[in-house]
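Written out below as structure tokens is the structure these notes cover.
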Amino acid sequence: MKKWYAVIGDPIAHSLSPFMHDTWFQENGIDASFLPIHVEPSKLKEACESLQLLGAGGFNVTLPHKQAIMPFLDGIDEAASEMNAVNTVVRNGKNFKGSNTDGDGFVQSLLTADPRTDDKIILVGAGGAARGIAFALNRAGFSDVTITNRTFRRAEELAEETASESMTKSDAEQNLGGFDIIIQTTSVGLAEDEALPISLENAKTGALAVDIVYNPIDTPFLKKAEEKGCRTLNGVGMFVYQGAIGFEKWTGIKPDTEKMIKVITEKLGGNYVNR
Ligand code: ATR
């Protein structure tokens, strides 16, 4: 029987996951399809049961279902419980197990920019995305991570859980020149006229500025960072690597990530420069 996989979300029409996974199925000679499925929040339980009944091999979960799906799954792995969110579901016989590949996907993307594990890192934000990244940085051996957030208490809590430091936003802005890597994990600043989640005035020339947002590809945060002489890394790599880790969980095959980053970057209208 032909295998099939899916991504569920609301909205879902603009997801690039079907394109990415269908391309990888073709490249690897796998007879499978990947469907975008629009699921409203009130229908999440039924959708999950239907995916089970109709034999989905696995699926991705995107906004706004990443937390809400958890009670409807048969199990949750360590990465998903750390993040308290699921982005990838793997079928094991009759069971659906929730995982989260965002944090490790982020780290794989970061590694393409040749960081050192003793680089001084500041993580901006303390929400779900920041959690996954903080734990994954920790696992990958990055030893000098500071977390800052608008609501300082959340930064302190996440720092405690991940053996990191915390800093208030104003201290972080003042001391930004001391950091080698600045990671922006909030969804703020997508619009041109919105304030950045952190002022980059004091950023060090040559520091690496990383945004997890990939659409738009050149976010106001990255533009400002470039103006300040920082190197930049956009969110396309994280998107592709989180998908690749999921693809491998489903098929046992490591897909071609480098080519996919180029293709998706072109699709989004950016230039492919791995700076
Ligand atoms: P996600 O799962 O996408 O990370 P989230 O858990 O709601 O979403 O977290 C959003 C993050 O963006 C938080 O760090 C949040 O800061 P607070 O903890 O202070 O709410 C941050 N954020 C949202 N709006 C912001 C704004 N206008 N300025 C600065 N940070 C903001």
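Some points to look at:
- Placing +1 on the Cβ of every Lys and Arg and -1 on the Cβ of every Asp and Glu, with nothing else charged, gives the range 7-98 a dipole about its Cα centre of roughly 180 debye.
- Taking label points 7 Å from Cα along the Cα-to-Cβ direction, LYS259 and GLU173 give a separation of 4.6 nm.
- Over the range 161-275, volume per residue of the alpha carbon convex hull, in Å³: 130 Å³
- Mean shadow area of the chain over all directions, Cα convex hull, nm²: 13.9 nm²
- Positive-end ranking of PRO71, THR185, SER99 along the dipole of the range 59-209, with charges on Cβ about the Cα centre, is headed by PRO71.
- With both labels modelled 7 Å from their Cα along Cα-to-Cβ, the ASP22 to THR112 distance reads 2.2 nm.
- Convex hull projection area averaged over all views, the range 3-100, Cα basis, nm²: 5.9 nm²
- Applying both filters, DSSP loop and at most 14 other Cβ atoms within 10 Å, to the trypsin sites (Lys or Arg not before Pro) of the range 37-110 gives LYS94.
- For the range 143-229, Kirkwood radius (reciprocal of mean inverse C-alpha pair distance, Å): 13.4 Å
- For LYS66, the lysines whose Cα comes closer than 23 Å to its Cα, not counting residues fewer than 8 places off in the same chain, are LYS43, LYS45, LYS94, LYS97, LYS249.
- Taken about its Cα centre, the chain carries a charge dipole of roughly 520 debye when the Cβ of each Lys and Arg holds +1 and the Cβ of each Asp and Glu holds -1.
- q = 0.26, 0.32 Å⁻¹: log10 I(q)/I(0) that the Debye formula gives for the range 20-67, counting C-alpha atoms only: -1.04, -1.26
- Just so you know, the averaged projected area of the alpha carbon convex hull for the range 80-182 sits at 6.8 nm².
- Percent RCO, i.e. relative contact order, over the chain, from Cα pairs under 8 Å lying at least 6 residues apart: 14 percent
Each reported figure results from applying straightforward, stated rules to the coordinates on display, with no laboratory input. Source: prediction; values computed, not measured. All Cβ positions, even for glycine, are placed from backbone atoms using ideal geometry, and neighbour counts span all protein chains on display.
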